[in-house]
Amino acid sequence: MPAASHGDVDLSELSSNTRGRALSQFLAAVEVRAFKIAQAALRHEDDALDAVQDAMLQLARAYSDRPAEEWRPLFYRILENRIRDMQRRRTVRNRVMSWLPFRPHSEDDEPDPIAEAASDDPPPVRRLEVDEAMVALEKALGTLPRRQRQAFLLRTLEGLDVAQTAKAMGCSEGSVKTHYFRALQTLRAQLGEHYT
Amino acid sequence: MSRDLSGDADFERQLRDLLEESMQRVGGRARSRLNQARHAAIAEAQRPRPWRLPQRLVARAGRRLLWMPAAGAMAAAVLVALVLWPHAPQGYPAADASHTTVEDLDLLADREGMDLMESGDGQFYEWAMAQADDKSGQPAGAGATDQGKTRGGQNGGGDSDQNSG
C-alpha cells in the first residue's frame, strides 16, 4: 500500500517530523531534571548522564509512537529501571574490587574543570549558601529509602501529580502519598537547621 | 498529633526552590552530553524501522507460547488414552446411537406399527422369519398355509387376519 500523500508533501514524513519535534521538546524539558534525579540516586555525574541517555534512547526506540501525554511517566519509569540496574552493577563491582589488593587509579576521581564550570554565576555568597544547602540536601536524599527518594524527587523536582508519579513508580497512588510524606518527614528532621 | 501544615508547605517550597536553583547550575559538560543524548534519541525515533508486530500482540503471543508445552503434553496424554483405552470386541460394530434414536422415533410415531405391536399378532414375525430362512437356503418350516399367510402378510397386518380366516 503506498504511503499517504498530499501533493508533494509526504504525510507520513510530516507526521514523523512532527513527532520528532514533539519528542525533542519533551526531552529538552525533562533532561536536566532527569539528570538531577539520576545524580541524586547514583551520586556520580557520568553514571547519571549514562542513565539519562539510555532512558532517552529507550523511550525514543520503544515508545515514541505512544501518545505524548504518556511519555513523562514512561520516561521516568525507564530512568528508574536504569538507575536500579546501575546501582546493582555498582554493588557487584564494589564487591569484586574489595577483593583486589589495590584499587586502580581512575581518571574519574580527578575533578574535571569543565564539569565544574557553571552555566551562570550567581553572587559568591549566595552561591556558597546554595552549595551548602545542596550538599546537605543531597546527603539527606542519600539516606532516604529508594522509593521515598523517588517519590520525593518526582513530585517536588519534576512536578508530577500523584497519579503520574504512581504510574512512573509502578505503584498505587496511596503508596506514593505514603512514600512522599515519610520522605518529607525524614528530610525535615535532617535539614531542619537549614530551613526556618 | 498536631502538625504544622503551613510549615510543611513552606519547607516543600524551599526544597523545590533549592532544587530548581541547583538545576540552573548544571555544568556545561553535562548539558553538552544531555544535548548529544537528546539528538541521538531523536535520530533513533526517526530512523525507519522494519515492520514488526505491535508489542502488545507480541507479548500476548509470547504468553500463549508459554502454554504450548502444557497444551502439547495434554494432547499427547489424550491421544495415548484413546489408543490404550479398552475397545469393544472387534466384529461388533458399535450401534450408531443417533441413527437408532431416529429409527425409534419413527417407530413410535408410526401409529400403524404401534397397532401391530400391541395387537400381539405374531404372524407377521413368523413370516419374516420364514422369508429369512428361505433366503439363507435352509428349508422353510412352512407349507401352503404359510404361503397364504405370506400373501396376507404382504398386504399388511390387518389384512392377514382376513386372509387366514
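Read-outs: derived from the displayed coordinates by stated rules, not from any lab. Being a predicted model, the structure only gives us computed values, none of them experimental. Here the Cβ positions follow ideal geometry from the backbone for every residue, glycine too, while neighbour counts run over all protein chains shown.
Values as computed for the structure displayed
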quantity: Relative contact order of segment A:123-196, defined on C-alpha pairs under 8 angstrom at six or more residues apart (%); calculated: 35 percent
quantity: Fewest-first ranking of B:Glu20, A:Glu31, B:Glu126, using other Cβ atoms within 10 Å as the exposure measure; calculated: B:Glu20, B:Glu126, A:Glu31
quantity: Per-residue Cβ neighbour rank within 10 angstrom, fewest leading, A:Met56, A:Met86; calculated: A:Met86, A:Met56
quantity: Spacing of the two label points (7 Å from each Cα toward its C-beta) at A:Glu138 and A:Thr91, in nm; calculated: 2.3 nm
quantity: Shielding by partners - mean other protein chain Cβ count within 10 Å, residues of B:10-20; calculated: 6
quantity: At R0 = 56 Å, FRET efficiency that the Cβ-Cβ distance of A:Asp161 and B:Met74 yields, to 0.05; calculated: 0.70
quantity: Ranked A:Tyr63, A:Tyr180, criterion: other C-beta atoms within 10 Å, fewest first; calculated: A:Tyr63, A:Tyr180
quantity: Spacing of the two label points (7 Å from each Cα toward its C-beta) at A:Arg61 and B:Arg63, in nm; calculated: 2.5 nm
